[in-house]
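What follows draws every value from the coordinates through simple rules; no lab data is involved. This one's a predicted model, so the numbers in the text were calculated from it and none came from an experiment. Note that each Cβ is placed from the backbone with ideal geometry, even for glycine, and that neighbours are counted across all protein chains shown.
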Amino acid sequence: MTTENLKLIDSAKEAAITVLLHNSKGPFLDLPRTAGWGYPEPYTRDLMFSVLGIAVSGNSELLDSIRKVLETLAANQSEKGHMPSLVHDSEDRGASDTTPLFLLATEIFRKTVNEPDFLKNAVEKSLLWMEYQSPRDRYLVAQQPTSDWRDEQWVLGYGLFVNTLVYSYLQLMGDHDRAKKMHDEMEKFTIIRDRQGEHIQQRLVVRDKPHYAFWAYKNFKSERFDLLGNSLAILSGMASFKTAKAIIEWIEKECAEMKTRGELTVDLPPNFYPFIKPEDSDWHKRYADYNLPGNYHNGGIWPFICGLYVAALVAAQKYELAEIKLVELTKLIKRSRTKDLDFGFNEWFKSQNGEPMGQDWQTWSAALYLYAVKCVEEKTTPFFDEIRAASFRYNS
């Protein structure tokens, strides 16, 4: 990596800490803000993701702020163990990803501060809640449309992203038996062909592609590509080392083709593709206002997800490519909608022109950038190294 790029990354790291400290206290019970000026609310999923970056930052003030977030979530947990979408609002319920994110983030925090019994009762209640999210009373969990971080996109039934979270916290918590059984079910997300080349009746199959399916339920499914879910599949070891490399090769090839079609101008992958277009069967009327092709959840570029993709590249030992993507991410997060910012850490960018479209100084954009830098610098993936080691041991 060039000296110029190293200096740029160092500056971005300092800026990320500044953003997180600025956002660490907001107007709601002094809980962290989700973004510097917009989103003053403490959104659970954003703050749970930020634990990865805060944990590797070593910043005691930020760790204290996350402790308060986790304790407040536990205080607002439902009777049956569900976590609210807003940290401070026990009545704001219905999200499919807040509870598994709480479990993963709490275990990461426990390991970081060496408090293995931190929030023990809340964790046990949430674990039971997650077991009841399986319609088949087995291991894969299901969800309602627009109930995970994609609040403007349909994910019906067994979604890849939420199930990678469940798999990850099970391995990190040492429940390897349940994780292995879940892995066996998750194999239905990958390509499966029989010897005659006939279609095998698995509802989570992607034909002729190495990546995992977006979601599936009974006779319905989407084979579109979910960058967040697949990055977590690689990081967690749900995807084998060989599969991980095949997924990455496919991602880079598809991105190159999108650039030739004018669908992508940044050398980073969109969060989702192929984009859903008005003529497609999975298009919803509301998408015309909130989710146009190449925008928001329908193919926007999200820095927090790109940070996890960089980490996934490290997990797959694609170290040179990880450095290249980290530099591209660093250049991207400089762009902002607010004037006079050295680094915008914007929420999301339009794929067709790379313009920032969301809120600046987004907490998870800054936090996952720090995590990506740590992964590239040390050629490790903190916390996920342990998860992946368990995966390869118990799923071999």
Being touching a residue at least 40 places away in the same chain (Cβ under 8 Å), out of contact with any His (no Cβ under 6 Å at 6 or more places or on another chain) and of a type outside the set (Asp, Glu) narrows Lys7, Lys80 down to just Lys80
Taking the range 81-112 and keeping residues within 16 Å of Ser50 (Cα to Cα) and aliphatic (A, V, I, L, M) leaves Leu86, Val87, Leu101, Leu103, Leu104, Ala105, Ile108
For helices (runs of 4 or more DSSP H) lying entirely in the range 241-339, having 2 or more residues that are surrounded by fewer than 24 Cβ atoms within 10 Å (Cβ to Cβ) and either in contact (Cβ under 8 Å) with a residue 24 or more places away in the chain or under 16 Å from the mean Cα position of the chain (by Cα) (or both) picks out 241-260, 287-290, 319-332
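Okay, residues lined up against (1) within 20 Å of the chain's Cα centre (by Cα); (2) surrounded by fewer than 21 Cβ atoms within 10 Å (Cβ to Cβ):
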residue	(1), (2)
Ala16	yes, no
Ser24	no, no
Phe28	no, yes
Thr34	yes, no
Tyr39	yes, yes
Leu47	yes, no
Leu52	yes, no
Glu61	no, yes
Ser65	no, no
